[in-house]
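Novice: The structure is given below, and queries will be raised subsequently.
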Amino acid sequence: MAAVRAIGFDLDHTLAIDNRLERVALLRLLEVILREGGESVGTLADEIDNIDELLKRQRRGDFSIDDAVRRFIAEHRVQPADRYVERFRFDAAHMVDEFVVPLPGVAPMLDAIRGRGIAMAVLSNGWNPLQSRKAERAGFSGTVLVSSDIGVQKPDSRAFTRLLEALGTRAEDTWYVGDNPYGDIAGAQRIGMETVWMNWERQTYPAELEPPTLTIRGFGELLGVLPEAARAR
Ligand SMILES: [Mg+2]
């Protein structure tokens, strides 16, 4: 492999945690909806299960975040839907400072990589401006590609192709760093990128998957192995 010219990063649980921001934003929207005459779908526990299921399906790519919120609004029988979608998007984006916590060492790591002249971009399954604000909160300034804008979700190879286009590098010169073995590592491997599994949560790598190029538990390790790994290939 040639020198590492660029690194793509996953965002959620790689650069930052968001402490279930979207779930809380939907619960806050529920509060508004019920106050404005909407119908409940059951107990609070039922409402939470419903929200978790909607967000799970949205993250899996079944529908967009706007569609998830529209479904939520339709279930609670309030109108006009657009107003509630806008409110959700606005509230969620403004909850970032309160909810999002960067992982330890993210800012110095990004500075150091920038200092080495390596290009960076974020590729995330999610929507803007939420993901851009989260990235900014984590200290990342640069391109933030989100699935709702590019129209495909990781692990789809086309998402990683879009990342390479944004970085202006080839797969063999580019690394991808992420916490999810299926979405991040397997997806990036499929188009020939080197992969770094950020395993700060100390998980076991799924036996059925091809292992990542590197496994790290903190960003100090990434900086430590970056030049060495590049030389080794
Ligand atoms: Mg992630």
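The values are calculated or read from the model by the stated rules, or taken from the named source; none is laboratory data. Just so it is clear, the structure is predicted and the values come from calculations on it, not from any experiment. No Cβ is skipped: glycine too gets one built from the backbone with ideal geometry, and neighbour counts run over all protein chains shown. Side chains included, ligands, DNA and RNA excluded: accessible areas come from the protein's heavy atoms. Shrake-Rupley method; radii C 1.70, N 1.55, O 1.52, S 1.80 Å.
Novice: With equal scatterers on the alpha carbons only and no solvent term, can you work out the Debye log10 of I(q)/I(0) for region 21-98 at 0.12, 0.18, 0.26 1/Å?
Specialist: Calculated log10 I(q)/I(0) at the listed q: -0.29, -0.67, -1.41.
Novice: So how do 42-55, 145-158 stack up, highest first, on mean other-Cβ count within 10 Å? Walk me through the intermediate numbers first.
Specialist: Details: 42-55: 14.1, 145-158: 17.9.
Highest to lowest by the protection proxy: 145-158, 42-55.
Novice: Let me ask something else about it. Where both residues lie in the chain, what percent of DSSP beta bridges are antiparallel, nearest 5? Write out the running numbers ahead of the final one.
Specialist: Values: 2 of 21 bridges.
Here the share of antiparallel DSSP bridges comes out near 10 percent.
Novice: Same structure again: Out of the total accessible area of the chain (probe 1.4 Å, heavy atoms of protein only), what percent is carbon and sulfur? Could you put the intermediate results ahead of the total?
Specialist: Details: 5260 of 11030 Å².
Ligands and nucleic acids excluded, carbon and sulfur reach 48 percent.
Novice: Of all GluC sites (Glu not before Pro) in region 151-202, which ones are in loop regions per DSSP and have a Cβ with at most 11 other Cβ atoms within 10 Å?
Specialist: Within region 151-202, the qualifying GluC sites (Glu not before Pro) (loop, at most 11 other Cβ atoms within 10 Å) are Glu201.
Novice: Which whole-Hz ³J(HN,Hα) couplings does region 54-61 yield from phi under the Karplus relation 6.51 cos²θ - 1.76 cosθ + 1.60, θ = phi - 60°, glycine and proline marked x?
Specialist: Here the 3J(HN,Hα) series is 4, 5, 5, 5, 5, 5, 6, x Hz.
Novice: Scan around Phe9 for amide H atoms under 5 Å from its own, H built in the peptide plane at 1.01 Å from N, and keep only partners 5 or more places away or cross-chain.
Specialist: Ala121, Val122, Leu123, Val177
Novice: Using helices alone, I'd like the mean residue ellipticity at 222 nm for the chain: each DSSP H run of four-plus residues gives -39500 (n - 2.57), total over residue count, nearest 500.
Specialist: Working: 11 runs with 112 residues, N = 233.
Calculated from helices alone, the mean residue ellipticity at 222 nm is -14000 deg cm²/dmol.
Novice: On to the next question. Once the chain is represented by equal point scatterers at the alpha-carbon sites, with solvent omitted, what log10 I(q)/I(0) does the Debye formula produce at q = 0.07, 0.13, 0.17, 0.18 Å⁻¹?
Specialist: Ignoring solvent entirely, the Cα scatterers give -0.25, -0.78, -1.18, -1.29.
Novice: Something else: Which distance in Å, rounded to a whole number, links the C-alpha centroids of region 97-154 and region 65-91?
Specialist: 26 Å
Novice: Mean separation of Cα pairs under 8 Å and 6+ residues apart, divided by the residue count of region 21-98: what relative contact order is that in percent? Don't skip to the end; give the middle numbers.
Specialist: Numbers: 56 pairs, mean separation 32.4, N = 78.
With pairs under 8 Å counted, the relative contact order is 42 percent.
Novice: What residues have an amide H closer than 5 Å to that of Glu194, excluding those fewer than 5 places away on the same chain, when H is modeled at 1.01 Å from N in the peptide plane?
Specialist: Thr174, Tyr176
Novice: Taking θ = phi - 60°, what integer Hz values does the Karplus form 6.51 cos²θ - 1.76 cosθ + 1.60 yield along region 77-90, in sequence order, with x for Gly and Pro?
Specialist: With coefficients 6.51, -1.76 and 1.60, one gets 6, 10, 8, x, 4, 4, 5, 6, 4, 4, 4, 4, 4, 5 Hz.
Novice: What list of ³J(HN,Hα) couplings, whole Hz, do you get for region 142-148 from phi and the Karplus terms 6.51, -1.76, 1.60, once you set θ to phi - 60° and write x for glycine and proline?
Specialist: Once rounded to whole Hz, the list reads x, 5, 10, 8, 10, 4, 5.
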